[in-house]
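S.K.: Sharing a structure with you now.
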Amino acid sequence: MPAHLVDGKRVAKQVEEEVAAAIIRLGFQPVLVVVRVGNDPASEIYVRNKARKAEELGLRGDERIFPETLSEPDLLAEIDRLNRDQTVDGILVQLPLPKHIDPHRVIDAIDPAKDVDGFHPQNVGRLHLGRPALTPCTPAGVIRLLDACDLQIEGKHAVVIGRSDIVGKPVAALLLQRNATVTICHSRTRDLAAVARKADIVVAAIGKPFFVTAEMVKGGAAVIDVGINRIDASQASLVAHDEIKSALLAKNGHALVGDVDFVRVREVAAWITPVPGGVGPMTIAMLMSNTVKAAEWRRR
Ligand code: NAD
């Protein structure tokens, strides 16, 4: 029997409903400020979507847009202003930043209590210590999706493929917090396929199309695909067995695929997330949830 599809849009909607209800309970409108430097087209879309979703759920979403030439001291000064502004609950600086700005210095400057991306070292430390923290949005979304599967995380063997600071490492920390036995695999892991095959839960966050094949997945596993890869006609052979992606590729000249060979892994796994429509929709929903959490914690 093919795996159950874990519907990220449906679970994200549930999170959004919880956020809207929490805002009514709070009795004030939490404020999220999204800072963008430069004109990266993808960042423009992300920032607009974040601000729009905030407004839709009853938060106030403000955009601060600066030219590519903004200096690092000027950006740090803006963050300092936002930190001190008592009406601001959440601050998110859209990455990547222009090359002349050190992202670490910028992240470190954000008040940890307003760090809704959960990237500040203080929040990262608190997450690893198992203390209350603002946790990174995509990893928090991964856990929500696993909770939507009919499976207990506790005691399961989870294999996280990818060790980035924004996805792999925090996913692993959150799974550990939920009492899974966690293995992190990365580009230097030996015989990754054999390690992955032992997993009850596989989280793929690599950034390589169809990296996870059916041979790497144990029967009955839950597979969460974080990867978002845009492929073009030159990679058509990769998706030749996938009718839907092949048709999209033929029609548009490009297609979005995950890190997991969805069609084949679906025959082996018990749960699987699609791309798009899996982890993607969760990220913004968890950002809204973090903003409400930050507002509640700070103003209480
Ligand atoms: P990254 O490039 O920072 O990290 C990739 C990780 O994969 C690294 O830790 C590396 O060790 C590992 N890796 C690379 N090649 C490997 C190999 N051959 N074998 C084993 N491991 C290997 O990427 P990231 O920022 O963590 O993002 C990963 C993917 O998730 C990307 O496709 C990205 O677009 C996607 N992503 C999606 C969302 C979302 O909202 N759905 C959010 C963030 C990232």
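The values are calculated or read from the model by the stated rules, or taken from the named source; none is laboratory data. On a predicted model such as this, the values are computed, not experimentally measured, just so you know. Ideal geometry is used to build each Cβ from the backbone, glycine not excepted, and the neighbour counts take in all protein chains shown.
S.K.: Of the numbered conditions (1) outside the structural domain of I228 (by TED's automatic domain parsing); (2) within 27 Å of G258 (Cα to Cα); (3) not in a helix (DSSP H, G or I), I153 satisfies every one except a single condition; which is it?
M.R.: (1)
S.K.: Return the pairs, sorted by first residue and then second, in which the second residue is modelled with pLDDT under 95 and aliphatic (A, V, I, L, M), the first residue lies in segment 183-200 and is at positive phi, the beta carbons are less than 9 Å apart, and the residues are 6+ apart or on different chains.
M.R.: Every condition considered, no pair remains.
So that you can scan it fast, the table gives a plain yes or no per residue for (1) assigned to a strand (DSSP E or B); (2) closer than 15 Å to D115 by Cα:
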| residue | (1), (2) |
| --- | --- |
| A42 | no, no |
| I45 | no, no |
| R52 | no, no |
| E56 | no, no |
| E63 | yes, no |
| E68 | no, no |
| P73 | no, no |
| E78 | no, yes |
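S.K.: Has segment 275-291 got any residue that is over 20 Å from I153 (Cα atoms), away from the ligand (no atom under 16 Å from the Cβ) and surrounded by 24 or more Cβ atoms within 10 Å (Cβ to Cβ)?
M.R.: The answer is yes; a qualifying residue exists.
S.K.: Out of everything in segment 117-145 that is under 17 Å from K169 (Cα atoms) and among the aliphatic types (A, V, I, L, M), what residue ends up being nearest to the ligand (Cβ to nearest atom)?
M.R.: Checked segment 117-145; the qualifying residue nearest to the ligand (Cβ to nearest atom) is V142.
S.K.: Given (1) surrounded by fewer than 21 Cβ atoms within 10 Å (Cβ to Cβ); (2) more than 25 Å from Q14 (Cα to Cα); (3) free of Cβ contacts under 8 Å to residues at least 60 places away in the same chain, where does M216 come up short, assuming only one miss?
M.R.: Here M216 meets the rest and fails (1).
S.K.: To continue, here is another question. Residues in segment 157-179: is at least one among the acidic types (D, E) and either over 17 Å from M286 (Cβ atoms) or buried (at least 16 other Cβ atoms within 10 Å of the Cβ) (or both)?
M.R.: Initially, segment 157-179 is screened for residues among the acidic types (D, E), giving 165.
Subset that is either over 17 Å from M286 (Cβ atoms) or buried (at least 16 other Cβ atoms within 10 Å of the Cβ) (or both): none.
No - not one qualifying residue is present in segment 157-179.
Residue-wise test of (1) part of a strand (DSSP E or B); (2) within 16 Å of the ligand (Cβ to nearest atom).
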{"position": "I184", "(1), (2)": "yes, yes"}
{"position": "A194", "(1), (2)": "no, yes"}
{"position": "A199", "(1), (2)": "no, yes"}
{"position": "V203", "(1), (2)": "yes, yes"}
{"position": "G207", "(1), (2)": "no, yes"}
{"position": "K218", "(1), (2)": "no, no"}
{"position": "H241", "(1), (2)": "no, no"}
{"position": "L248", "(1), (2)": "no, no"}
{"position": "K251", "(1), (2)": "no, no"}
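S.K.: Also: Every residue in segment 134-160 that is aliphatic (A, V, I, L, M) and out of contact with any Gly (no Cβ under 7 Å at 6 or more places or on another chain), please.
M.R.: If we filter segment 134-160 for residues that are aliphatic (A, V, I, L, M), which is where we start, we get 134, 140, 142-143, 145-146, 148, 151, 153, 158-160.
Within segment 134-160, A140, V142, I143, L146, A148, L151, I153, A158, V159 meet the criteria.
Table: residues versus (1) at pLDDT 95 or above; (2) closer than 16 Å to L145 by Cα; (3) out of contact with any Asp or Glu (no Cβ under 8 Å at 6 or more places or on another chain); (4) of a type in the set (S, T, N, Q).
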residue	(1), (2), (3), (4)
D191	yes, no, yes, no
I206	yes, no, no, no
V223	yes, yes, yes, no
D232	yes, no, yes, no
G253	yes, no, no, no
R264	yes, no, yes, no
